[in-house]
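**Student:** Can you read through this structure? Questions will come right after.
The values are calculated or read from the model by the stated rules, or taken from the named source; none is laboratory data. Source: prediction; values computed, not measured. Neighbour counts run over all protein chains shown; Cβ positions are idealised from the backbone, glycine included.
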């Protein structure tokens with residue numbers, strides 16, 4: 001479980017494909033790994049991955065075939081958002097994020113308005129019912145508030161700090177981004193479906 005508050009940005013150092021699986025290595029000198037161990041979960045661009053090896057500034061992960069089916073690609077040199085798993089003693093400054101990507105969205109535009117950055121993102125129709133105005137959504141693992149929804153697209157604003165401190169500063173028109181819907185919406189739908197049976 002994560003909060004969507006990015007703790008550091010890393011760079012994809014290596015990607016190796018083995019059959020249908022992929023191993024990735026991420027380098028980040030700014031991401032504190034002193035309390036990270038093999039087996040820990042780390043959110044990498046919103047994808048919950050397990051650490052299989054590490055050095056002080058490089059993390060190595062296995063990426064399963066199931067995960068590869070639903071996420072945007074990890075490419076050599078890409079910057080990625082990093083966040084350690086939530087501890088029960090931590091503050092919850094964002095929203096509850098599982099690191100289980102629901103869909104890949106496409107950035108339609110990036111605009112600057114009053115020193116803030118506004119992203120317009122097209123999402124697949126299949127997740128539309130879970131997205132609500134003023135609700136939460138994770139974009140590449142970053143907890144954001146939905147400002148508007150029109151015709152299978154939503155807009156979010158990023159304050160200058162979020163823009164500078166995350167890999168979202170690299171997105172542009174046609175960039176692919178990992179989307180995770182709000183956890184509560186997922187469970188509410190499940191309860192309603194069961195109730196009507």
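**Student:** Going residue by residue through the range 67-76, is there one that turns out to be surrounded by 15 or more Cβ atoms within 10 Å (Cβ to Cβ) and in a strand (DSSP E or B)?
**Tutor:** No: the range 67-76 contains no residue that is surrounded by 15 or more Cβ atoms within 10 Å (Cβ to Cβ) and in a strand (DSSP E or B).
**Student:** Could you say which residue among 28, 37 is at negative phi, surrounded by 15 or more Cβ atoms within 10 Å (Cβ to Cβ), at pLDDT 90 or above and not assigned by TED's automatic domain parsing to the domain that holds residue 168?
**Tutor:** Details: 37 fails: surrounded by 15 or more Cβ atoms within 10 Å (Cβ to Cβ).
From the options 28, 37, the qualifying one is 28.
**Student:** Kindly indicate which of 131, 150 is outside the structural domain of residue 46 (by TED's automatic domain parsing) and exposed (fewer than 13 other Cβ atoms within 10 Å of the Cβ).
**Tutor:** Details: 131 fails: exposed (fewer than 13 other Cβ atoms within 10 Å of the Cβ).
Selected residue: 150, the only one of 131, 150 that is outside the structural domain of residue 46 (by TED's automatic domain parsing) and exposed (fewer than 13 other Cβ atoms within 10 Å of the Cβ).
**Student:** Condition test on residue 139, is it at negative phi and touching a helix residue (DSSP H, G or I) at 6+ places or on another chain (Cβ under 9 Å)?
**Tutor:** Values: at negative phi: yes; touching a helix residue (DSSP H, G or I) at 6+ places or on another chain (Cβ under 9 Å): yes.
Yes; evaluated as a whole, the condition is true for this residue.
**Student:** In the set 63, 110, 156, 70, which member is within 17 Å of the chain's Cα centre (by Cα) and not assigned by TED's automatic domain parsing to the domain that holds residue 26? First the steps, then the outcome.
**Tutor:** Details: 63 fails: not assigned by TED's automatic domain parsing to the domain that holds residue 26; 110 fails: within 17 Å of the chain's Cα centre (by Cα); 70 fails: not assigned by TED's automatic domain parsing to the domain that holds residue 26.
Selected residue: 156, the only one of 63, 110, 156, 70 that is within 17 Å of the chain's Cα centre (by Cα) and not assigned by TED's automatic domain parsing to the domain that holds residue 26.
**Student:** Return the residues of the range 20-48 that are over 19 Å from residue 168 (Cβ atoms) and in contact (Cβ under 8 Å) with a residue 40 or more places away in the chain; say none if nothing qualifies.
**Tutor:** 20, 21, 22, 23, 24, 35, 36, 40, 41
**Student:** Output the number of residues of the range 40-57 satisfying the condition of being surrounded by 15 or more Cβ atoms within 10 Å (Cβ to Cβ) and farther than 20 Å from residue 77 by Cα.
**Tutor:** Within the range 40-57, residues that are surrounded by 15 or more Cβ atoms within 10 Å (Cβ to Cβ) and farther than 20 Å from residue 77 by Cα number 2.
**Student:** Specify the residue that is surrounded by the most Cβ atoms within 10 Å (Cβ to Cβ); the eligible residues are those in the range 6-19 that are at pLDDT 90 or above and not in a strand (DSSP E or B). Working first, answer last.
**Tutor:** In the first step, residues of the range 6-19 are kept if they are at pLDDT 90 or above; the result is 6-15.
Then keep just the ones that are not in a strand (DSSP E or B); that gives 6-7.
Working: 6: 25, 7: 17.
Among them, the one singled out is 6.
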